[in-house]
Each structure stands twice: as structure tokens, then as C-alpha cells.
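What follows is calculated from the coordinates using simple rules that are stated; it is not laboratory data. Being a predicted model, the structure only gives us computed values, none of them experimental. Here the Cβ positions follow ideal geometry from the backbone for every residue, glycine too, while neighbour counts run over all protein chains shown.
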Amino acid sequence: MTQTLYSRTRSPEIEKEIAGGGGGAAMRVIVPLQGVVQGRGGLVLGSIIPCALFYFLQFYLKRNRKDTDDQNNSNSSGQNPNPRSSSYGKLSELPGLTRSLSRGLPSPRSLRGPVFVSGRVRGIVKDSDSPYYVGLRRAKEDPYDELSNPNGVIQLGLAENKLSLDLVKHWLADNAEQAILRNGKELSISQIVPYQPFDGSMEFKVAVAGFMSQVMEKAVSFNPSQVVLTAGATPAIEILSFCLADAGNAFLVPTPYYPGFDRDIKWRTGVEIIHVPCRSTDNFNLSIAALDQAFDQAKKRGLKVRGIVISNPSNPVGNLISRGTLYSLLDFAREKNIHIISNELLAGSTHGNEEFVSMAELLDPDDSDRKRVHIVYGLSKDLSLPGFWVGVIYSYNEEVLAAAKRLARFSSISAPTQCLLVSMLSDAKFVQTLITINRERLQSMYAQFVAGLKKLGVECIKSSGGFYCWADMSGLIRSYNKKGELELWDKLLNIAKVNVTPGSSCHCIEPGWFRFCVTTLTEKDIPVVMDRIQKVSETSKLNR
Amino acid sequence: MEFTRNNRQLLSKIATNDRHGENSPYFDGWKAYDSDPFHPTHNPHGVIQMGLAENQLCFDLIEKWILENPDASICTAEGIDKFKYIANFQDYHGLKEFREGVAKFMGRVGGNRVTFDPNRIVMSGGATGANETVMFCLADPGDAFLVPSPYYAGFARDLRWRTGLDIVPVDCKSSNNFRITRAALEEAYEKAQRSNINVKGVIVANPSNPLGTVLDKETMRSLVSFINDKNIHLVCDEIYAATVFSSPQFISIAEIIQDMDCNSDLIHIVYSLSKDMGFPGFRVGIVYSFNDDVMNCSRKMSSFGLVSSQTQFLLAAMLNDDEFVGNFLRESSKRLSKRHHVFTKGLERVGISSLESNAGLFFWMDMRPLLKEQTVEAEIELWRVIINKVKLNVSPGSSFQCSEPGWFRVCFANMDDETVGVALERIRQFVLQGKEKDDVSEKSKHWKKQNLRLSLSSVRLYDENLMSPHMISPHSPIPQSPLVRART
């Protein structure tokens, strides 16, 4: 055992890459050049070619630098996409150097070597500068309250649903005492305190599977044994990323996408995201052609694509993926032999007339392609309980399920919370009322907000799901680029005091789009928000 | 393209490799227990679980508190006012009251000789998640950590699996009671250097799992100066801190570095309430780092293993109840001490000794005299007899990477007094039987000289006994039910 540990060194390919890669290519260019210069060209070629080479080198470096800058900026979490590559080179030299230094000195304190942490830590400082997180922080520090803090920041950047909390609260008041305390008589401590299955108790899985099919209007029934429960959707997505791709592999993700994906899919796994741009001309719907193009580009870059991650209903746009597109997606995945992760976190939070279709609905029981489909769900959105941290992996692939169950150990749900939710979700009548009333309220809130924006001359994409309005404010930005967009965002946050999410945080390819989350508001907040936005929009128009 | 054909190729290395280390006897023992669990009336001949480090001795105290404080569960008439705030509370820093409660508790467990800053408390999914988070923060794939052996069997998974790190064991020996020496550390470090392995730090469990011993001040100081000289990290896993039931007392690393000349940026603590309070079901793990970068990074990572706000709220109320906590800690160590005494003294009476210890939910049993030869194979053979014949799931030393065969970890706090009696009786029977067998085999040796055939047949008989079909070998392909799961 110990023997194998010692003999194992770092992966040889990577070391080779560091040592060899660039040098080889340079030699391939220089050797024939020497031939040309020495042979016939003489002085003229001998001077032109090096000059040209130098020029191209400069050009190449400049372009590359711009690329990386862009990437870092647009990366809301700003993390190093692949911690491995950046750290490998340094590790072999630096620690050794400081070690020899500190050994030679009498007091190690007098010369503290730098503390070497992992490559993942480095992204953190930059991360907190991203507008998405800056805005959230500001809204948290100075929250608006009609009475106690009327000049505070109104939170429209956090995707949480406060519209139906009263229903959940009432249910708890009536039933929860019994759920947890068993009426104070026979608290079953042995269900709460000791070790439980890390991927969720079977009771809870049954309840969650039932809730899922109720949310999807019984169009699909979910099998509890295909469920793995995790502490929130964040670890659910990360676990799938860990299971389906190796570091350096890639997922295709349609943009604009949820800003947290950069953390969930990429950060610790070392997996890359290839953007698949969706455009306003298509109503930000996913096109298979764009997918195909992104796939080919990734291939050219030498990246191995392991899957597609879709969000349906989409966050931030709020549109639903049609049945036809879902079928084409399946075909695409089959053709390329890759996975599909379908994030259906907002399945129950639809408010339009469009029909929501779950990926699960499309799959026949005898379809061998089921094994490439994995659904992510959670109770944070549809049940309005983000603080309870319940995420769901629903997969048709036994091996993925087996690995996910093991991995769930790193992020499992606390037992008292499971206990409480089992009784809540098992109350089918309550669940039905909640879903219906929540949809009504969502619809009314959405309609009012969109109408309010329209009065200000701001149009929203027509959407049928989610907690958001995806608004086109490109008419208000001074320059049609990311800089202009962030200037407007800054004004909205600091002058109008509303925190919204700029499209660039979601990697939207077109500038000027903003996500407004409407479910954190009450109806009487809407005029306040509109007043505030109007102030900014007027000054913006004047300045143009 | 048919999916099933290249199914495995389509999954990641992590999903398909074995680096989680759960294919060891430690986890096999679990399967044997799960398929035939002991019950005093329903299954009196089943396997008794002594491989689970769970503290069940104080459930009654927790139960009483929960019943007396219904408002803490936020879902009673008294607590419902807080509901709106709690249900939507999704800040990954955690509830302020929760962090304060945990910091206070940690200080109290450390004898109030050191205080912990609530703002440095970072949540994580159990100690499992906490250990992994720290590794993610401190090292890159291919780097290594030194771990004094014997060490917790789950470290293979927690430290290595997703992070891509390696573990370099630092062998500790029974000759000095498994103490961690500077010489052993240096040796392991040099060896790793020679093999071109980049050592990023040392991780130690204090109190030790599986030994049940606490680190003394001298050892800790030498550990700190070692890592300081090498400019590598020190992670202290202190999840058993409050299980210390007699002297020497537990000393937190936070206390040691107070009066030492060292770079505190290198020091990190992993804590949990699963063992000390005995509620692993709550999944509360804590990272406490003195390094700001690591603290910020691990806080971001806590999104991958957050404790539900309802549980945070409940614990905040419980941990801030000074009277309850004081009473709980006193009572818990009293009960652990008593149980430890009953078990170790009971074993001594049949001639089985164990490493002297004063902490943890287990002790380190010395079965070396019962080994046929001093090898890992003989240890595993003995372990199979214990699990299949004696029907006790104890964990063999080799699954803790112990460098000496013949040691076993015995957990004692996850059962009631009656089960303790049954377990002790089974061991007594086994040892007595073994002694008789020794006599027999001595006799047979005697016979060997006269009649070779007879002794051969007696050996075969013994083997067949071992292999008899109604006993489940841990290596037989038992179907993996969803209930089969790895626990501590």
C-alpha cells in the first residue's frame, strides 16, 4: 500500500506539456527558416522574415492577453478555470527553494516564507469584485425597508421566492410540531440524531419523488431509487460534474446562464465551460446550430466535450425549452455521445401559458440513451425554502448513481430537516394548493413588473417561468458594450439603489440586458422600484 | 451510437476509480453488519456493530432539551415567528448566532484557555466535508499530506478522492505508544522528497482516531516547529475534543500556537459536532483556519455542504444554553469513562490488553498474541474469524494503515449496556476457545511426529469450519443494497 503511494508521481503528460509544448513548435518554424535565409534569400529575406515574425508574435501576444482578460472579467466567479495547469509548474520549484532557505536560518519567523496554498484560492480575491456578488453584498448591508430604511437597496438580484412563504408558514404552524416533536410526547430522537443514509433517507426520497411528479403535473413519475439527495442544488451540480467529466474536459452551456455555474461546474472539478451563445433575435432560445458550432470549436481547441448543461425553465431568461428542441438535444447528445444535465430547478415556478416539459418525459423505459440524462432539482425554488438546502440528482445511470451516493457524504442534508420535509411533502393537498397559489401570485407579480418597465420604455423577453424579468435596457446604456452595461448597473445600484444582475454576469453575448428578480418584492414595492429606475433612465437619456 | 457499449468511458475517473478506499475490510465489516444486525430479541446471534464511532450515550439529554425548548425547532407555535427569516436564510456565512454558539462551544471544550472568533467559523458538510474542503484549499492534485498512522480509514476518501492528493503515512509504533516523533516525521518527509512528491502539510487527529489518545504538549510543540521549519501546513482534526474523559486533558492547537514562535497562517482546525455532541445526523462540520485566504476560500466552498438553516437555528439555541452545555459535557464524559472502563477491564480479565487511552468513542485492542504470525494476512484472517464466528464488527488495524499487525479498533459508545454484556461474553468465549484450540494444536503437533495424516485432517477440519457456507465472507460479492453505506 505504502509502496504504491510513494511510487506514484505526478501525471507524466502534464509535465511533458509544461516542459516541451512550446519549444517543439518554435523549432519547427526556425529550422526551415534558417534554410531559406542561408540558401537563396540572403540579406533581404534574412531581415524581413525576422521582422515579420516579431510583428506576428507581438500581435499574437496582444490578442492572447486580451482574451484572458476578457475571460477573467466575464467570469463572474473569476476563478482560474483549471487550477491544475497553473500550479504544476510552480510546485516543482518554489517549495524546495523556501525550504532550503528556512532551514539555513536560525529563526524561521524572521523570514517567513510565503504560505503556499492551492491554486483554487487565488481566484477568490478577484471573485468578490464581480458585479453579481458586489450587488448582493450591498443589498445585504443596506437592505430596503419601507419603514425602517426607506433609502436602502432593493434586492432584485437574489433568486428567492417570498411570494408564498405565508402558506408554508401556516402549514408549519399547524403540523410541524407533530412532524418534529411528535406532539411533544414521543420525539423519535433515533430518527434525528444518529447517522442516516448520506444520500437521504428512503422516506424522504419517496416524498421528494412524489413532489417532483406533482410539480410536473403527473406527466412523469419519478422512481425514488433513482434519487440522490444533497445539501442544495449547488453540490448536486458539482457532483454530476465530478462524475461525468475529468479535469480539463468541457461542458457546453447555453448563455446567458446562472452566474453560480462557474463555481458549481468548474471551480473544484477543473472542468471547463464552453459558451453556446443564444441571441435576442431568437428570443434567447437555444439553437442546435449554435450548439454544433460550439462543439466543433471545442474540438478544435483540443477539448473533450462530455456533456451539455441546460436550464429549463432558464435562469436568467425565464423561457421554457420546447418539446421539439428537447428531442433535438437528445439527438445531438446521441450523435456526439455525450451527457445531458437538465437543470429543472424552477419546474414548478412557471407562470405563462406555455407547457413545461421535463427531460424525463421524453425518455422511454427501454431507451438505452436514458443513461446519458441526469436531472437536477431542488426544493429551494418551488417550495420557497432556499435555507433548507435540499438538492436532488435524478439519474438513469446506475454507475452515476452509485458514485453520487458515495459523494453525497460530503454534502448531506441534516436529519431533522429531512424529517420535517417528509411530513410537509407527504401532504399532497397542501402541496397542490401551494403550487397553484404560487403560480397565480407569480403570474400577477410578473405581469405587473413587466407592465411597469414597459411604461419606462423597457421591454422584457416574453417568458413563462422562473422568478425573473429579462429586460432589454440597451437603450439606456451610453456605449453598446460591457463597459456601458456596467456603468448603468453601477448607477442602478448606487443612485437608484436597486440591485439587479447585469447580463455580463450571466455571460450574455449582447450588452444591455438585465435580470430583475421579482419574487422578493411585495406588490406595493413595484411603484417604488419603477420610480427609482425612472430617475436613472432619465439621466441616462439626457446624457446620451 | 449505443450508450451502454462505452458506458464507463463516458464517466469520469473519479466516478470509476477506487481512490475512495471504501473497498477495505473496514467497510466490508459494515456490509456484514448490515446483512445480519444484532438485536437482543429479534436477532440475538447477529453481528454486533463495534465499527461505528457514534456517541449514543447521551441521546436522552438531547431529547430532553429539544422537548423543553420547542421554540428552537422553529416550527412550533412558539418558534413560528422566526420562520420567514430562517426559511429564506441562504447566506453561506451561516447564522450569526450559530457561529457564536459553535465558537463558544469550541472554546469551552478547549478548557476556556483559548477563544475562537465566530467570524472565522466556516460551515461544511460534516467533518468529512471539512477535511476535504481544507485539502481543496491547501493543495493541488499530485501534492501530498503526511498523516501519522494508524489513521482514520475514511481519510483515504476525504483527503484524496476528489482532490487528487496523496497520503504519505508517518509510521508510528507501539514501542513508544504510537507517539508522533520528529524523527518519524522527518523520515517520511525525506522519503517523499526523494520520490519527488511535493508535501503540502501534515494532518493529525487529536484526540487520535483510532487510538483514543490525546497529543501531549511536547509532541504538539514539536509538530508545530516541524511544519514551521518546513513551511508546510498543519491541519488538526479535533472532532473528538470533548470525548476526553480523564487526564491528560485535551489541548487545542489554537492554545499551543498562542505562546509559540510560529507562522499561524499554516495552522488549520477541523471540528464537528457529530462526535462531541453525538449528533452526526445533523451534518455539522467546521473549518477554522488562522489563514485569511484559506478562510475565505473555504467559506466559498461551504456552498457545497451547507447546514440547513433550521438545523443552524436549533443548534444556535442549544449551544448558547450554557447550563445545558456544561451539564451535557460533564455527563457525557462521565458516561464515556464508565463505558470505557467496563469494556477494557472486561477484556483484561480474559487476557486481552489495549493501548491506554482516555478519549474517543473507541479503544485500540491488542490482539497480537492471537495472531498465527505477525503479518497483515494473519490479522485479516483473525478479523474474519471475529466477524464471521464471534460476530463482532471490529475494525482491523490494517484498514487504519497501522504498520504493526494485530491491533483492532473497538467502538464502545454506540450500544446499550446489555449489548456490551453480550459482546464481552462473545469475546470471552472466543478467547477461551482459542486457548483450548491451542492446547489441541499442541497435542496435534505432538501427534504429528507419530501420525502425519491425522494432523493434516485436523487442519483441514479447521479450515472447513472457517469456510462454512452460512458464514458470509466479507469478500464475497454481497449485493450492494442501497442501505450499504460507509459510515465512520
Practice item. Tabulate in residue order the Karplus-calculated ³J(HN,Hα) for the stretch B:59-64, using 6.51 cos²θ - 1.76 cosθ + 1.60 with θ = phi - 60°, rounded to whole Hz; enter x for Gly and Pro. Key: 3, 4, 5, 5, 4, 4
Exercise for review: Could you size up the charge dipole of the stretch A:318-406 around its Cα centre, putting +1 on the beta carbon of Lys and Arg and -1 on that of Asp and Glu, and report it in debye to the nearest 20?
Suggested key: 380 debye
Check your understanding: If packing is taken as the mean number of other Cβ atoms within 10 Å per residue, what is the order of B:337-347, A:317-327, highest first?
Key -> A:317-327, B:337-347
Check your understanding: In nm, to one decimal, how far is the modelled label at residue A:490 from the one at residue B:117, with both set 7 Å along Cα→Cβ?
Key -> 3.1 nm
Revision key, fill the gap. Between residue A:368 and residue A:162, the FRET efficiency computed from the C-beta separation at R0 = 60 Å comes out, to the nearest 0.05, as 0.85
Exercise for review: Calculate the spin-label point distance for residue B:374 paired with residue A:299, positioning each point 7 Å from the Cα along the beta-carbon direction, and give it in nanometres.
Suggested key: 6.2 nm
Check your understanding: Label-point separation (nm) for residue A:355 and residue B:222, each offset 7 Å from Cα along Cα-to-Cβ?
Key -> 7.4 nm
Check your understanding: By how many nm would the segment from residue B:187 to residue B:41 lengthen if fully extended, with 0.36 nm per residue of separation less the alpha-carbon distance?
Key -> 47.3 nm
Review point. So what are the ³J(HN,Hα) numbers for the stretch A:281-292, from phi and the Karplus equation (6.51, -1.76, 1.60; θ = phi - 60°), rounded to whole Hz, Gly and Pro as x?
Key: 4, 9, 6, 6, 7, 6, 10, 5, 4, 5, 4, 4
Practice item. List the residues whose amide H sits under 5 Å from the amide H of residue B:362, counting only those 5 or more places along or on another chain, with H placed 1.01 Å from N in the peptide plane. Key: B:412
Review point. Each residue of the stretch B:209-225 in order: what ³J(HN,Hα) in whole Hz does its phi give by Karplus 6.51 cos²θ - 1.76 cosθ + 1.60, θ = phi - 60°, with x for Gly and Pro?
Key: 10, x, 6, x, 10, 9, 7, 8, 4, 4, 4, 5, 5, 6, 4, 5, 5
Check your understanding: What is the local net charge at residue B:41, summed over the other residues whose Cβ is closer than 14 Å to its Cβ (Lys, Arg +1; Asp, Glu -1)?
Key -> -2
Point to revise | Estimated FRET transfer efficiency (residue A:292, residue A:437; beta-carbon r; R0 51 Å; 0.05) | key: 0.75
Check your understanding: Which residues' amide hydrogens lie under 5 Å from the amide hydrogen of residue B:392, considering only partners 5 or more residues apart or on another chain, with H built in the peptide plane?
Key -> B:48, B:387
Check your understanding: Going toward the positive end of the dipole of the stretch B:53-210, with +1 on Lys and Arg Cβ and -1 on Asp and Glu Cβ, which of B:206, B:141, B:178 do you reach last?
Key -> B:178
Exercise for review: Quick one: which residues, 5 or more positions from residue A:276 or on another chain, have an amide H under 5 Å from its amide H? H modelled 1.01 Å from N in the peptide plane, none for Pro or chain starts.
Suggested key: A:253, A:255
Check your understanding: So, with +1 on the Cβ of K and R and -1 on the Cβ of D and E, and no other charges, what is the size of the charge dipole of the stretch B:72-320 about its Cα centre, to the nearest 20 debye?
Key -> 420 debye
Point to revise | Only Lys, Arg (+1) and Asp, Glu (-1) charged, at Cβ; the stretch A:182-427 dipole about Cα centre in debye | key: 720 debye
Check your understanding: For residue A:175 and residue A:246 in the same chain, what is the full-extension length gain: residue separation times 0.36 nm, less their Cα-Cα distance, in nm?
Key -> 21.0 nm
